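**Q** Next up is a structure, given as structure tokens.
The values are calculated or read from the model by the stated rules, or taken from the named source; none is laboratory data. As the structure is a computational prediction, the values presented were derived from the model and not from experiment. In this analysis, Cβ positions are derived from the backbone assuming ideal geometry, glycine residues included, and neighbour counts consider all displayed protein chains. Heads up: the accessible areas ignore ligands, DNA and RNA and are worked out on the full protein's heavy atoms, side chains in. Shrake-Rupley method; radii C 1.70, N 1.55, O 1.52, S 1.80 Å.
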Amino acid sequence: ADYVAAHECAHLLRHDPLWQLLSRFFLALLWFHPLAWSIARRSQAADEQAADDTVLRAEGDGPAYADLLVECARQFSLRPALQTTASAMASPSSLTRRVEAVLDPTTDRRSS
């Protein structure tokens, strides 16, 4: 639970909710353009990576944090009402990338 709170606090400190809101606004305007969708996905992935890095700089336990990511994705996938949250947080490909980055000791975790 401490990891989850630290992760969400990192989003708040970086003002990610505001940037994601703006991203959604522009995506609504440019819904027809494939590049807009690509930029929105990359922005969300970068926000998650930055929050993950913040947690790992503070806590430093990559394997435990990776276990939490997988467990959260598993729990969300078991609850149909949370499918949208699960797909945003941890689609299979994004979950794999996040876990690999969390467990990679060569990843640069300096302030994002």
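**Q** Check off (1) open to solvent by 50 Å² or more (accessible area, probe 1.4 Å); (2) in a helix (DSSP H, G or I); (3) at pLDDT below 85; (4) farther than 19 Å from Asp2 by Cβ for Arg110 and give me the number that stays unchecked.
**A** Of everything listed in (1) open to solvent by 50 Å² or more (accessible area, probe 1.4 Å); (2) in a helix (DSSP H, G or I); (3) at pLDDT below 85; (4) farther than 19 Å from Asp2 by Cβ, Arg110 misses just condition (2).
**Q** Has the range 76-95 got any residue that is loosely packed, with under 15 Cβ neighbours inside 10 Å, among the basic types (Lys, Arg) and at pLDDT 85 or above?
**A** no
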